[in-house]
1. Describe numerically, in nm with one decimal, the distance between label points set 7 Å from Cα along Cα→Cβ at R226 and at H23.
2. When the dipole is taken about the Cα centre of region 108-215, and only Lys, Arg (+1) and Asp, Glu (-1) are charged at their Cβ, what size is it in debye, to the nearest 20?
3. Based on other C-beta atoms within 10 Å, arrange D59, D148, D196 from fewest to most.
4. In whole angstrom, note down how far apart the Cα centers of region 219-273 and region 19-35 are.
5. Only Cα pairs within less than 10 Å get springs; with that Gaussian network setup on the chain, which residue of W245, W70, W183 has the largest fluctuation?
6. Could you check which residue among L118, L29, L264 shows the biggest mean-square fluctuation in a GNM of the chain with a 10 Å Cα cutoff?
7. What does the C-alpha gyration tensor say about the overall shape of region 41-276? Classify as rounded when a/c is under 1.5, otherwise prolate if a/b is larger than b/c, or oblate.
8. So which aspartates and glutamates pass the test for K219, namely a Cα distance under 16 Å, with those fewer than 8 places away in the same chain ruled out?
Amino acid sequence: MSSWEDFTPSIIKPATYVYKYRHKINEFLVKTRVKLKFSVSPHILVLGRGGVGKTVLLDHISDEASSKEWQLPDTSTTTELKTAELGEWYKIIAIAPGQNTLERRKAVDDALNTKNNLQGIIYLTDFGYTEIRHEGLKDELIQKGLTDIESIRKKNLDLEFDEFDLFLNFLENSILNNRGPKWLIIGVNKIDLYFDHLSEARKYYDPECNGKFRDRIEKLYSQIGRHKLEIICLPVCSLNEPFSWNNLEVTSKINSTMLSKNYLKAFIDQIGLLLDKK
Ligand SMILES: Nc1nc2c(ncn2[C@@H]2O[C@H](COP(=O)(O)OP(=O)(O)OP(=O)(O)O)[C@@H](O)[C@H]2O)c(=O)[nH]1
Ligand SMILES: [Mg+2]
């Protein structure tokens, strides 16, 4: 029979190894599952209109954007799955396509009402600087008189609010059925384009201020109860790409890449904190 001294290395060592490398093991398992599309149940769902920057932002959060081959993405037509180290563990993130298609409805319905791992939702907005990639739609809007930046921003903000309103209806039903996420981040993206009007953007989106989004969120809370969902609003950007409309251009107001990176880092840290909350 072996002594306790012999017993320690042979039996305890494998368990110690598993503990020591638990994060690597978790990374491997999560990435393999996503790669093989094997029973994937996202921890985070990302929503927002087409062109607000969901794919770009999540490519930065998942670190895919650091690859030399990385390029600006086209319109996403299917649900994208990413993995990222957020908080203590690797998490699965699903990005629903921004276009109002059956695919998007399915992604939202799956995450809210079918799958069981959803912890949080990131609802991405961009203060009206939404890229419109469909040439026909661009021409149509310009023909209708939306010729300057302010008029297209106003249109984008109206459409964004209507979609947010509809989404909160889905969320309300899901939470009333004892499902849905624990938290919601309203991500205010592309702050580089309006860094000089950041407080205006905050007033508009942040439920702690007195804007349009807060009123809609209060309506949701009146139905579900405040304790059912934590909602926070955070500024972010991951690129300094000019916004163009009808031969007019808005360029970045941030002249330090470190400053942009700090906003991105704070955004990622905040997701981690929310995920680690019990
Ligand atoms: N200035 C600036 N532009 C950005 C930023 N992020 C994204 N963009 C611009 O927004 C465009 C759209 O970004 P995407 O990530 O493809 O948008 P999306 O939300 O995934 O759109 P869909 O796939 O159609 O749902 C990019 O091509 C960039 O031009 C940012 O942080 N700052
Ligand atoms: Mg996309």
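Nothing in this text is a laboratory measurement; each read-out follows from the coordinates by a stated rule. None of these values were measured; they are calculated from a predicted model. As a convention, Cβ positions derive from the backbone with ideal geometry for all residues, glycine included, and neighbour counts pool all protein chains shown.
1. Once both label points are built, they end up 3.6 nm from each other.
2. Numbers: 14 positive and 21 negative charges, 64 e Å.
Rounded to the nearest 20 debye, it is 300 debye.
3. Details: D59 23, D148 13, D196 9.
Result, fewest neighbours first: D196, D148, D59.
4. Cα centroid of region 219-273 versus Cα centroid of region 19-35: 29 Å apart.
5. Greatest mean-square fluctuation among the candidates belongs to W70.
6. Maximum among the listed residues: L29.
7. On the way: a/c = 1.44, a/b = 1.26, b/c = 1.14.
Note, shape of region 41-276 comes out rounded.
8. In chain and number order, the partners are D162, E163, D165, E172, D206, E208, E230.
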